[in-house]
Amino acid sequence: ILSFRAVESQCEGQCAPVDSLWRRYSEFELLRNYLSVTYPHIVVPPLPEKRADFVWHKLSADNMDPDFVERRRIGLENFLLRVASHPVLCQDKIFYSFLTQEGGWKEMVNETGFQLKADSRLKALNATFRVKNPDKRFTELKHYSDELQSVISHLLRVRARVADRLYGVYKVHGNYGRVFSEWSAIEKEMGDGLQSAGHHMDVYAASIDDILEEEEHYADQLKEYLFYAEALRAVCRKHELMQYDLEMAAQDLTSKKQQCEELATGTVRTFSLKGMTSKLFGQETPEQREAKIKVLEEQIQEGEEQLKSKNLEGRDFVKSAWADIERFKEQKNHDLKEALISYAVMQISMCKKGIQVWTNAKECFSKM
Amino acid sequence: SAGAPRPLPSSGPKSLREMPHPLATSSSEEMGPALTPSPDLLLPRSIADKDLSLPNGTPVDTSSPASSSSLLNRLQLDDDLDGETRDLFVTVDDPKKHVCTMETYITYRVTTKTTRAEFDLPEYSVRRRYQDFDWLRNKLEESQPTHLIPPLPEKFVVKGVVDRFSEEFVETRRKALDKFLKRITDHPVLSFNEHFNVFLTAKDLNAYKKQGMALLSKMGESVKYVTGGYKLRSRPLEFAAIGEYLDVFSLKLGTIDRIAQRIIKEQLEYLVELREYGPVYSTWGGLEVELSEPLEGVSACIGNCCTALEELSEDMTEDFLPVLREYILYSESMKNVLKKRDQVQAEYEAKLEAVAVKKEDRPKVPTDVEKCQDRVECFNADLKADMERWQNNKRQDFRQLLMGMADKNIQYYEKCLTAWESIIPLLQDKPETK
């Protein structure tokens, strides 16, 4: 609870001038990168979007727009809450000092040397690594995360267009307000009814602003899972790379063992340039061969140990990754259900407002 | 009927009825001088003494209740407001398509039920097409030029843009034609018109039409343009007010028409987006396991809202816009009647002036000028009575139209509300409880 409060005050401090907000955002990014590298098997919560995306016409794509800034602030707060409620991540010391330590935090993070651990290959998102024995579950999961990203992007794009059009429908009704007022001026009995109905049309037209503002929260909830899908994919990628490295290491070990055997028995089973050159330039001396064998045997032993630890690492990774993935799945299902419910509630509220306004207008018309 | 001589309400010192007229000035005393710019106005005479004739020269039979007498007009106005004394009912329904070698057209069934003596039978059922209605309207304009004739829906339809034989178009037209005949039926003078009677009863309307044409050619061109060429100095205050009112009224209706069209357009564009939006939830549902049903539910819900919106737009197009346009057409034809009235008054004033200029010492004003004065007073009385009736009907029509518009929107939101409320339990459902 104490750290929760610290989070709140920290966030409030960030609502100051633009410069400090931008710096702060980069510190959030630094924190997230650190967590991603340090806990590769965890689906790390995503940050809110840096730039306004999936906008509809009323909402400016301006990053300085106060509504956007506010929504991003809420997004950042949400990010910290996600990390704080994660069974593994919440215990991280760097995270703790992010919340509690004002100065020198950046240096602290860099001192961990996490950047060295970061695999540069992960940056090449679409580069394929030919894995001979892929883990089916991870392949399926990666496919799922790709599909999820695609469908949520599509949903957000269309939703923005829907919002745009709905805005138009409501706003045009405002014109009724003006013309009813002008018309009422030349009428005797009908005048009052028209005038007051016109007022309700104005109310109707104005109501769309709040309605769509609320809907942005729903869009933000979807966006969070759009970005979460990316985090999920990252875990799959890391596993893929791990598997690849493992296979490469195994392959390397096998070839070294083979070389060793060949040197020991003097048979050349496979074609090699060495074999060719030795044929051309004469075979090595027994001493040379011995030396080579010894080197290889050392390498083989190292390799076997490495392979063993890599295998263990791999199994650990799969075990803990899968545990976190299950946790994530449950969280996702729960959160998205809640989001859909709140969306339905918003629609219900909008319908009820519509009924109210038109009922009021109808009553005014009945008095004409 | 024509008992003791009574002054015509338009120029007498006291009006017959105290019923407030929306456009009337506060006292009839003010009305007197305002109506008669000419200083040498003669005292009015009773209806029975008058040798009334219509502006086109056709003599009028004042003994029958169908005469253009405003007194009787007003009395009958009272009667018609009381639904119990209604004795004529007309309906337009049952559109049918006729395919002939020369053309294809639609006919409508016109059913009449009546107890009036002017009709030989108590019931009639005839089939009429649009051009028959058009003929009737022209005939009414010709024979009752001092009255406001209701409008017909647009005659010409741009081929290719609108399907003349589509159900929606035919139904919209049928409603307008029904309204047209009902308005005539409700009118105390127009409903007794001979052409209207024939329209409702004749088996072969075309034969009658030809007969009428022959008669017309016999009478020559004199019928229509008798009062042409006179210019009115100034329109009397109350008719100027009517003219101004109609100008602003038709302007505002035009604006409302444009707004309504724009709303429909925006709604249809919104619909296009919604139709893409709903299915995306379905696609997503296909990816998920636990969320599959909730997402499908949302998709179906949006689909239901689409259907509701489509219905709303259709209703507005078919029921709301046509009535607006009808009233714009009505206003235009009414302005023309006002102009005709101006013509009649101008003729009277010119003739009156001509007599004054001659400076002949005559004890009695020539009958020619008297006839003109009678025509003016008749026209004014008819027009005022019709305006009053028109204002009242207009108020009722718009009340109904706008309440209908509000209703349709309420129904739309209620349909959407039902859809969204019904999926809440589906969304909240936990898989364990199934």
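Table for the structure above
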{"item": "Normalised alpha carbon radius of gyration of chain A [divisor 2.2 N^0.38 Å]", "result": "1.52"}
{"item": "Förster radius 22 Å - calculated FRET efficiency between B:D407 and A:L156 (Cβ-Cβ, nearest 0.05)", "result": "0.05"}
{"item": "Positive minus negative residues near B:K339 (Lys, Arg vs Asp, Glu; Cβ under 12 Å)", "result": "+3"}
{"item": "Projected label distance in nm at B:T104 and B:E154, using a 7 Å step from Cα toward the beta-carbon", "result": "2.1"}
{"item": "Shielding by other protein chains, B:285-298, mean Cβ within 10 Å", "result": "3"}
{"item": "Hull-based mean projected area of the range B:310-412, where the convex hull spans the alpha carbons, in square nanometres", "result": "7.8"}
{"item": "Amide H contacts of B:R129 (H built 1.01 Å from N, under 5 Å, at least 5 apart or other chain)", "result": "B:Y108"}
{"item": "Scattering curve values for the range B:231-433, log₁₀ I(q)/I(0), Debye with Cα scatterers, q = 0.07, 0.16, 0.18 Å⁻¹", "result": "-0.45, -1.04, -1.17"}
{"item": "Mean-position separation - Cα centroids, the range B:304-339 and the range A:152-192, in angstrom", "result": "18"}
{"item": "A:Y218 versus B:T317: modelled label distance in nm, points set 7 Å from Cα along the beta carbon direction", "result": "2.7"}
{"item": "Neighbouring partner chain Cβ atoms per residue of A:314-327, average, 10 Å criterion", "result": "0"}
{"item": "FRET E, pair B:T85, A:S349, Förster distance 56 Å, beta-carbon r, rounded to 0.05", "result": "0.60"}
{"item": "A:D146-B:E194 pseudo-label distance in nm [points 7 Å out on the Cα-to-Cβ vector]", "result": "8.8"}
{"item": "Cα-derived Rg over Rh, computed across the range A:21-116 with Rh taken as Kirkwood radius", "result": "1.01"}
{"item": "Taking chain A and dividing mean pair separation by its residue count, relative contact order in percent (alpha carbons under 8 Å, at least six apart)", "result": "24"}
{"item": "Cα-Cα over 31 Å, subset of B:K96/B:K210; A:K117/A:K332; B:K209/B:K231; B:K252/B:K408", "result": "B:K209/B:K231"}
{"item": "Peptide A:155-166 - average C-beta neighbours from other chains (10 Å radius)", "result": "5"}
{"item": "Pairs beyond 31 Å (Cα-Cα), from A:K142/B:K265; A:K353/B:K155; A:K93/A:K223", "result": "A:K142/B:K265; A:K353/B:K155"}
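None of the figures in this text is laboratory data; all of them are computed from the coordinates on show. Computed from a predicted structure; not experimentally measured. Reconstructed Cβ throughout: ideal geometry from the backbone, glycine too, with neighbour counts over all protein chains shown.
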